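Comments concern the structure below.
The values are calculated or read from the model by the stated rules, or taken from the named source; none is laboratory data. Bear in mind the structure is a predicted one, so any value in this text is a computation, not a measurement. Here the Cβ positions follow ideal geometry from the backbone for every residue, glycine too, while neighbour counts run over all protein chains shown. These accessible areas exclude ligands, DNA and RNA; they are computed on the full protein's heavy atoms, side chains included. Shrake-Rupley method; radii C 1.70, N 1.55, O 1.52, S 1.80 Å.
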Amino acid sequence: MGRAHEVRAKAMAATAAKKSKLYSIYAKEILKAAKSNPDPVSNDALRRIIEKAKREQVPADVINRNLDKAKKGDVENYDTVEYEAFAQGGATLIIKCLTDNATRTISFVKTAFNKCGTKMASQGAVSFMYEHLGVVGIKGHNEEEVMEALINADVDANDIEVEDDGTVVVYTEVTDLNNAKVALETAFPGITFELDEISYFSKDNVTLEGEDKEKFERLLEMLEDIDDVSNVYHNVEL
């Protein structure tokens, strides 16, 4: 399975979680992205978040209500913070949070770490073991057509994969993600993006067993229960 499987697995896990947290995460993401510019047409980051929210079946009311708040200037200050950690058996994690109170958030995260034998790492100590990439995927066109569209638009791709269901997945540098989307939309008008993400991908994965696996799974559950945690990336084969 390719790296796109990791993106899909995370999306499925998020959808299975409590809907209230899912909606809360997207509300924060929309408010943060819309603060400087609440127009999805001219704000690429906001448009991507809205499209992703729709794919995960976030109600239109949640999306529109928070867009309206941003347009009125009624926006809380949310910051993205990331924490890195070492866990048992060679496991590593990057925890992405969106918060209006970093002191509160780090307290909750550290509590989960302490209960599960996990050690906070300094910034960069874990992330260098991951690739930070943009990911887009489309159906209805083959790998050669997608590659030609990117070449014609002078967009560099780090890698292109074809999944079993025919989805052609393009990996780019984060800064090239929007250019890749524009190139594909121009070449194939009306396409729908099956994937549109910015994600971390571990370069080497590990397998845990026994007590190590139990502790790690408990850690993931505890992190998922923290309202400010929006994504957890790790190198463990589950």
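Return the residues of the stretch 188-208 that are open to solvent by 40 Å² or more (accessible area, probe 1.4 Å) and either in contact with a Phe, Trp or Tyr (Cβ under 9 Å, 6 or more places away or on another chain) or without any contact (Cβ under 8 Å) to a residue 24 or more places away in the chain (or both); say none if nothing qualifies. Within the stretch 188-208, Pro189, Gly190, Lys203 qualify. Consider the stretch 109-126 and keep the residues that are of a type in the set (Gly, Ala, Ser) and surrounded by 13 or more Cβ atoms within 10 Å (Cβ to Cβ). The one that is farthest from Asn77 (Cα to Cα) is Gly117. Considering each residue of the stretch 39-50 in turn, none proves to be of a type in the set (A, V, I, L, M) and touching a strand residue (DSSP E or B) at 6+ places or on another chain (Cβ under 8 Å). Here is a list of conditions, (1) crowded, with 17+ Cβ neighbours inside 10 Å; (2) closer than 30 Å to Glu209 by Cβ; (3) in contact with a helix residue (DSSP H, G or I) (Cβ under 8 Å, 6 or more places away or on another chain), and Gly89 meets all of them except one; can you say which number that is? Of everything listed in (1) crowded, with 17+ Cβ neighbours inside 10 Å; (2) closer than 30 Å to Glu209 by Cβ; (3) in contact with a helix residue (DSSP H, G or I) (Cβ under 8 Å, 6 or more places away or on another chain), Gly89 misses just condition (1).
Look at the stretch 73-88: where a residue is more than 15 Å from Met129 (Cβ to Cβ) and a partner is buried (at least 16 other Cβ atoms within 10 Å of the Cβ) and among the acidic types (Asp, Glu), sitting 6+ places away or on another chain with Cβ atoms under 7 Å, you get Gln88/Asp212. In the stretch 89-110, the qualifying residues are those that are among the β-branched types (Val, Ile, Thr) and touching a residue at least 40 places away in the same chain (Cβ under 8 Å), and the one that is nearest to Lys203 (Cα to Cα) is Thr92. Going residue by residue through the stretch 195-212, is there one that turns out to be in contact with a Cys (Cβ under 6 Å, 6 or more places away or on another chain), under 24 Å from Tyr83 (Cα atoms) and in a helix (DSSP H, G or I)? Checked against the condition, which is being in contact with a Cys (Cβ under 6 Å, 6 or more places away or on another chain), under 24 Å from Tyr83 (Cα atoms) and in a helix (DSSP H, G or I), the stretch 195-212 yields no hits at all. Being under 21 Å from the mean Cα position of the chain (by Cα) and part of a helix (DSSP H, G or I) holds for only one residue in Asn66, Asn77, and it is Asn66. Of the residues making up the stretch 223-238, those that are open to solvent by 20 Å² or more (accessible area, probe 1.4 Å) and either in a helix (DSSP H, G or I) or of a type in the set (S, T, N, Q) (or both) are Glu224, Ser230, Asn231.
For Ile106, are the conditions met, namely being open to solvent by less than 60 Å² (accessible area, probe 1.4 Å) and part of a helix (DSSP H, G or I)? Taking the combined requirement at face value, the residue satisfies it. Inclusion of Thr172 among residues that are over 23 Å from Glu84 (Cβ atoms), among the hydroxyl-bearing types (Ser, Thr, Tyr) and in contact (Cβ under 8 Å) with a residue 40 or more places away in the chain is not warranted.
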